[in-house]
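So the structure is just underneath, and the comments pick up after that.
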Amino acid sequence: MKRITAVILIMLCMLCTACGGKGQGDFTTGNSMTCTLSVECAQALKNKNKMSPEQAAYLPDDGVILKETSVEFEKGNSVYDVLEKTLKKENILMEASFTGDSAYIEGIDNLYEFDCGDLSGWSYCVNGAYPQAGCSSYTLQDGDRIEWHYTCDMGRDLGQKPEGEEK
């Protein structure tokens with residue numbers, strides 16, 4: 001009886017070890033930190049007259065694609081890492097392109113760059129500031145607040161000044 005119990009315990013330990021590893025996209029290993037993430041497209045709603053009816057039909061009525069959500073991440077993770085992980089978990093479509101290691105967000109939830117004109121696309125801020133760094137280059141800190149906004153005027157409609165433009 002002791003031998004059967006020992007074999008069962010060993011098998012359970014092996015099973016737990018095999019299944020207890022970190023899955024793809026799971027960033028927590030005990031060194032986790034927390035941030036918040038939200039995604040909104042209020043400017044697209046205000047400018048939906050610039051969109052085709054098919055494109056406008058995808059917009060959420062309140063402009064919120066992802067309400068502010070608490071997300072665990074590990075030291076060294078980027079804004080892109082957290083966005084990708086969270087949207088995948090929430091079954092929200094995201095498309096990105098890469099130049100080397102630099103990620104560019106083309107679309108979220110069927111809302112893409114240029115859907116509201118030549119100056120439209122996705123922009124992010126951390127703790128209320130728009131960094132001059134790509135989302136895959138910006139390393140997060142514990143407690144950061146990430147917001148993704150859809151802009152229809154190269155960020156001017158979000159209070160940003162495009163790079164090279166005088167204040």
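Scanning region 113-133 for residues that are touching a strand residue (DSSP E or B) at 6+ places or on another chain (Cβ under 9 Å), touching a residue at least 24 places away in the same chain (Cβ under 8 Å) and open to solvent by 30 Å² or more (accessible area, probe 1.4 Å) returns L119, Y130.
Cβ-Cβ distances below 9 Å connect the following pairs, each with a first residue in region 134-147 that is closer than 9 Å to D81 by Cβ, a second residue that is assigned to a loop (DSSP other than H, G, I, E, B) and open to solvent by 30 Å² or more (accessible area, probe 1.4 Å), and a separation of six or more residues or different chains: S136/D101; L140/K75; L140/G76. Tell me, yes or no, whether region 56-64 has at least one residue that is modelled with pLDDT under 95, more than 15 Å from the chain's Cα centre (by Cα) and acidic (D, E). Scanning region 56-64 turns up no residue that is modelled with pLDDT under 95, more than 15 Å from the chain's Cα centre (by Cα) and acidic (D, E). Among the residues making up region 49-65, a single one is open to solvent by 80 Å² or more (accessible area, probe 1.4 Å), closer than 16 Å to G121 by Cβ and not in a loop (DSSP other than H, G, I, E, B): K50.
In region 55-77, the residues that are over 29 Å from N31 (Cα atoms) form Cβ pairs under 8 Å with partners that are open to solvent by less than 30 Å² (accessible area, probe 1.4 Å) and of a type in the set (D, E, K, R), at six or more places apart or across chains, as follows: Q55/D115.
Of the residues making up region 148-161, those that are under 19 Å from the mean Cα position of the chain (by Cα) and touching a residue at least 40 places away in the same chain (Cβ under 8 Å) are W148, H149, Y150, T151, L158. Being in a loop (DSSP other than H, G, I, E, B), within 26 Å of K46 (Cα to Cα) and at pLDDT 95 or above is a property that holds for D153.
For N110, indicate whether it is surrounded by 14 or more Cβ atoms within 10 Å (Cβ to Cβ), farther than 28 Å from P53 by Cα, modelled with pLDDT of 95 or more and of a type in the set (S, T, N, Q). Break it down into steps so the answer makes sense when it comes.
Numbers: surrounded by 14 or more Cβ atoms within 10 Å (Cβ to Cβ): yes; farther than 28 Å from P53 by Cα: no; modelled with pLDDT of 95 or more: yes; of a type in the set (S, T, N, Q): yes.
Answer is no for this residue.
When region 135-167 is limited to residues that are of a type in the set (G, A, S) and surrounded by 18 or more Cβ atoms within 10 Å (Cβ to Cβ), the one that is farthest from M51 (Cα to Cα) turns out to be S136.
The values are calculated or read from the model by the stated rules, or taken from the named source; none is laboratory data. Since this is a predicted model, take the numbers as computed values, not measurements. No Cβ is skipped: glycine too gets one built from the backbone with ideal geometry, and neighbour counts run over all protein chains shown. For the accessible areas, the whole protein counts, side chains as well, though only heavy atoms, and no ligand, DNA or RNA atoms are used. Shrake-Rupley method; radii C 1.70, N 1.55, O 1.52, S 1.80 Å.
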